[in-house]
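Visitor: Quick one: the structure is below, questions incoming.
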Amino acid sequence: MKILAIDPGNIKSAYCLIDTNTYKPSSFGKQDNNWLLGFMNTQGALFDKVIIEMIASYGMPVGKEVFDTCVWIGRFKQIAESQDLEVEYIYRKDEKMNICHSMKAKDSNIRQALIDRFGEVGTKKNPGWFYGFKADIWQAYAVGVTYLDMAKESGNK
């Protein structure tokens, strides 16, 4: 089984296709949101669930970009459900606690914790677990890892 984990954005979103048993990423990138909708529409047979990082309010004012991201989250959910795929949400605070065991964790802490857990990035000659990862792809992978860890902990995958 595989899951599609998404770190949504208002224009582009990062995604990572992850094996549910090994946690190995098989396909990943950061693409225009319309491209990702098309990918989900045509490649939905490649995965069993879609896991999306959900926006949470912490009482601070937010801008148009956050609301646009919320619209895209809904569009990703709609295309997944149109293919009978289950959709789950993961919050950023859950990622921080699951991967780094601290709410103070930043993106760089999450990246390092993932490398410590799964292995090096590697090089072109010797690609590692994360070869090709950059920027928001790390966050998409963190979304998937957090979901898989929480599912394993609760007994349902």
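Visitor: Given N residues in region 96-157, what is Rg(Cα) / (2.2 N^0.38 Å)?
Guide: Normalised Cα radius of gyration, region 96-157: 1.18.
Visitor: Between (i) 17.2, 63; (ii) 16.9, 56; (iii) 15.0, 47, which entry matches Rg and Dmax of the Cα atoms in Å as derived from the coordinates of this structure?
Guide: Entry (iii).
Visitor: Related question: How big is the antiparallel share of DSSP beta bridges in region 2-151, given as a percent to the nearest 5?
Guide: Taking every DSSP beta bridge within region 2-151, about 60 percent pair in antiparallel fashion.
Visitor: Right, next: Sorting Lys152, Lys104 on the 10 Å Cβ count, fewest up front, what's the list?
Guide: Result, fewest neighbours first: Lys104, Lys152.
Visitor: Roughly speaking, what is the stretch gain from Asp68 to Asp32, that is 0.36 nm per residue apart minus the C-alpha to C-alpha distance, in nm to one decimal?
Guide: Between Asp68 and Asp32, full extension yields an extra 11.6 nm.
Visitor: Another question, if that's okay. Could you point to the residue in Ile90, Val145, Gly132 farthest towards the positive end of the chain's charge dipole, with +1 and -1 charges on the Cβ of Lys/Arg and Asp/Glu respectively?
Guide: Gly132
Visitor: Now for a separate question. Within a Cβ distance under 12 Å of Trp72, other residues only, what is the Lys/Arg minus Asp/Glu net charge?
Guide: -2
Read-outs: derived from the displayed coordinates by stated rules, not from any lab. These numbers come from a predicted model, not from an experiment. No Cβ is skipped: glycine too gets one built from the backbone with ideal geometry, and neighbour counts run over all protein chains shown.
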